[in-house]
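See below for the structure under consideration.
What follows is calculated from the coordinates using simple rules that are stated; it is not laboratory data. Since this is a predicted model, take the numbers as computed values, not measurements. Ideal geometry is used to build each Cβ from the backbone, glycine not excepted, and the neighbour counts take in all protein chains shown.
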2 protein chains.
Amino acid sequence: MRFKTLLLGLVTGFGAFASDPIDKTLDVSSREDGVLTSSISHVRSLMRANGPKLRFNPAMPADSFPAWQAKMSEAMTRLMKHPDYQPAEPKMVKEVARPGYRLQRWETYPLPESMVAVNVLIPDGISEENPAKGAVICIPGFGQTKELLCGEEAGNYDLSRPQPDGDPAKAAMARHFADKGLIAVAVDNVSAGELSDNGHFDYLLTSRYLLELGWNYLGLCSWQNQVVLDWLKTRTDLDPSRIIISGFSLGTEPLMALGLMNPDIYAFVYNDFLCTTRDRILAMTAPDGNGNRYFPNNIEHLIPEFLTEFDFPDIVAALAPRPVICTEGGLDRDFNLIRRAYELAGAPENFEAHHYAKFAADSVRVPVTDIPAGIDRDTFFKLCNVDPPHHYFKTEHIMPWVDKLFKE
Amino acid sequence: MRFKTLLLGLVTGFGAFASDPIDKTLDVSSREDGVLTSSISHVRSLMRANGPKLRFNPAMPADSFPAWQAKMSEAMTRLMKHPDYQPAEPKMVKEVARPGYRLQRWETYPLPESMVAVNVLIPDGISEENPAKGAVICIPGFGQTKELLCGEEAGNYDLSRPQPDGDPAKAAMARHFADKGLIAVAVDNVSAGELSDNGHFDYLLTSRYLLELGWNYLGLCSWQNQVVLDWLKTRTDLDPSRIIISGFSLGTEPLMALGLMNPDIYAFVYNDFLCTTRDRILAMTAPDGNGNRYFPNNIEHLIPEFLTEFDFPDIVAALAPRPVICTEGGLDRDFNLIRRAYELAGAPENFEAHHYAKFAADSVRVPVTDIPAGIDRDTFFKLCNVDPPHHYFKTEHIMPWVDKLFKE
């Protein structure tokens, strides 16, 4: 009903403008008094004026750092809206042997009427008597599943199918961690894999329902992972003070949420470029051939008020002094901020950052301080030193880092 | 970056399910313990459990009605988040003569750096000495513009073009009201018409920006209209106690927001079917040929937490005893609730409802109490007595209602 006049509007609405060039940046007023005339410009102006309240200030004195961290944690807790709900105890429903480890299926019950299964990989030789030196919660990227992270066949929910032959793929992060002697837990993201709607990865629809309820996709995702984390800490076959969160792509978002909310998490694997998502929204405004501007990303990334509090680099900075490895670059500007945070926290050696190979040499990276408005996505990626075809789980950086982490 | 694994997920993700029939309702668990296994089912279950807190209770005693109305108003005020900002005074920048009325262009400044223009139609003979008996704020539907509502040529922002010949179209609601001797103000919705981005009606992008900021499309839309209402009440050429809000389609949403927040609005023209949007989300779950379920509607309709507080019929009920005309039907169930509210408020004669002509006869309407889950959009419309091809501004009902309203 509310759509039927769309066509009329499109046909009759822009005769007056058809030959004008479209403003690429949204920042320019054509009026003498400087006021902006399109709604998107008005709102963009609001966004510029409502910069992150908790932005990391590299000039803060070291003794202010803990208070700032506490505020970051409070803000994330407020945004994630984890429910006041005591889930039933997880249940193990199946266990099979795999070469080098046991693979277990556990059911968790994060919400009333709900079931969310996770896979647990336990390296051979690990037991209550000989607990693992640590554990890792492995969070997949967009379109990925816990089965992919375990090197299992797609849809092998009841663990009835044999493991495919051959070396595990790069993406099989849980297996790579198990190879290092860690207990690895692979989860599905909300709406994906076993949590999909009859095979449809319906991120958008689930996100929309959640937003209607005043919740959000990341809130539910991180809650599901929180339930796993809380349970993992009660296991007696691992050192609960050495739990790592490893996130690939979309999976870095629950990593950041859990990281701020749980000071007892030990370390973090951040496998994506370190994006300043607010910069992206404000910069990536170049119109396409039809005059339409980019939609920043899908609504599973929409957390109302998130960007008015902080952006991704601020969150990683607030994880200091806990060990973090960033594996796929970003802006040196942002890495330098994070390095400053680790200095303030007294552990500069605990932050490790790698650029994509293509941008590894200092000489090929453009030193960026402000990302200019009016650019397209390719330009944004290039400025941020991103090499999209080589976006994968970087075992070459991460496995040596794990060795170092557990050396002492 | 976060999209590149989508294809992989789609290709490998649903092998296990491909031949299973998809559950149409989302309500059925395939497990003995009754728990649901898809995220969308989990969230749907949450939505069922979080029914509107302020739902109108027809059994409430009459003396509880004002307290409930106050709570409705508080909730709407909280959701609309109108800014604590004092806009500059509106300015008239142009006036032209039209047959039977003067047409004025006014600029308003609802946000810093912003300009939102409105058109004002002043019937001949109206002045401070001979003020109009009332005024109407006319709010367009999706894809419509203030120019359409004034019977002006599209894009005629500076009023430099002559009025097209001929009788005004049904959609020219501002002219119809001016013909009745009322001062009529036609506004643009956010992102539409003169507020569009160089002719692109970018509701989605603007809504997304607003949601990022913790605001929402309806919040900004209703704020722009609130600025117009507040200014209108200061004009000396009309009776400020007789201001009507008239909303077509999408325009009914700001009508409802303003109505709850401003007890001094005199009366309301609600020109759409009276939708229970929560019922729609919970019912319209039939998968399409590809197994995808309907997206409820675009995100300009997304107001986080709205549906946990109330739905459209509750809001109209809370407008009692102020005169309301609903012109395009809906469920008799909902109209009966509203009639009960008007009885409680002591003015049953002040609520007038019309069905679409196709559904006007009682015998053709199916008496619906609960809308079943698992239906598609056509079925939903049919159950709600909606006749989409005949969705237009119903002068045939509204103009006689105006005559009656001002008869005394």
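Structural remarks
- Trypsin sites (Lys or Arg not before Pro) within the stretch B:156-200: DSSP coil, no more than 16 neighbouring Cβ in 10 Å: B:K170
- Between B:K170 and A:S29, the modelled labels are 4.1 nm apart [label points 7 Å from Cα along Cα→Cβ].
- From phi via Karplus (6.51, -1.76, 1.60), per-residue ³J(HN,Hα) for the stretch A:378-383 in Hz, x at Gly/Pro: 4, 5, 4, 4, 4, 4
- Highest mean first, the peptides B:303-311, A:46-54 sorted by other C-beta atoms within 10 Å per residue fall in the order B:303-311, A:46-54.
- Helix A:395-405 axis versus longest C-alpha principal axis of chain A: approximately 60°, rounded to the nearest ten.
- Label distances, nm, A:V96 versus same residue in remaining copies, Cβ-directed 7 Å point: 7.5
- In order through the stretch A:305-321: 3J(HN,Hα) via Karplus (6.51 cos²θ - 1.76 cosθ + 1.60), integer Hz, x for Gly, Pro: 6, 3, 6, 7, 9, 6, 10, 4, x, 4, 5, 4, 4, 6, 7, 4, x
- Residues B:K404 and B:E343, FRET efficiency given R0 of 22 Å [Cβ-Cβ distance, rounded to 0.05]: 0.65
- Look at the stretch A:144-154: the mean tally of other chain Cβ atoms within 10 Å of its residues' Cβ atoms is 3.
- Summarised in one figure, the compactness ratio Rg/Rh of the stretch B:250-408, Cα atoms and Kirkwood Rh, is 0.97.
- Evaluated at q = 0.17 Å⁻¹, the base-10 log of the normalised Debye intensity for the stretch A:340-408, with identical point scatterers placed on the Cα atoms, takes the values -0.87.
- Under a 5 Å amide H cut-off, with hydrogens placed 1.01 Å from N, B:A117 pairs with B:T108 among residues at least 5 apart or on other chains.
- Principal-axis tilt of helix B:217-232 within chain B, Cα atoms, nearest 10 degrees: 20 degrees
- Inter-copy separations for A:P388, label at 7 Å along Cα-Cβ, nm, ascending: 3.3
- Electrostatic tally near B:C326: other residues with Cβ closer than 9 Å to its Cβ, Lys and Arg +1, Asp and Glu -1, net -3.
- The loop-placed chymotrypsin sites (Phe, Trp or Tyr not before Pro) in the stretch A:20-116, going by DSSP, that have at most 16 neighbouring Cβ atoms within 10 Å of their Cβ come out as A:Y85.
- Sorted shortest first, the separations between the B:G181 label point and its copies elsewhere in the assembly read 9.3 nm; each point sits 7 Å from Cα along the Cα-to-Cβ line.
- ³J(HN,Hα), Karplus 6.51/-1.76/1.60, whole Hz, each residue of the stretch B:47-54, x for Gly, Pro: 5, 4, 7, 10, x, x, 5, 9
- Distance between the pseudo-spin-label points of A:E74 and A:V366 (7 Å out from Cα toward the beta carbon): 4.0 nm.
- Identity and axial distance of the chain A residue whose Cβ lies nearest the axis relating A to B, Å: A:P304, 3
- Principal axis extents of the C-alpha atoms in the stretch A:175-250 (largest first, rounded to whole Å): 40, 24, 21.
- Rounded FRET efficiency, nearest 0.05, which uses the C-beta distance separating A:N298 from A:R161 and R0 of 41 Å: 0.85
- Computed [θ] at 222 nm, helices only, for chain A once each DSSP H run of length n ≥ 4 contributes -39500 (n - 2.57): -9000 deg cm²/dmol
- Averaged over the residues of B:188-195, the number of partner chain Cβ atoms lying within 10 Å of the residue Cβ comes to 4.
- Mean projection area, nm², convex hull over Cα of the protein assembly as shown: 37.3 nm²
- With the Kirkwood sum run over all distinct C-alpha pairs, chain B has a hydrodynamic radius of 22.9 Å.
- Simple spin-label estimate for B:M60 and B:D378 gives 4.0 nm between the two label positions (7 Å along the Cα-to-Cβ direction from each Cα).
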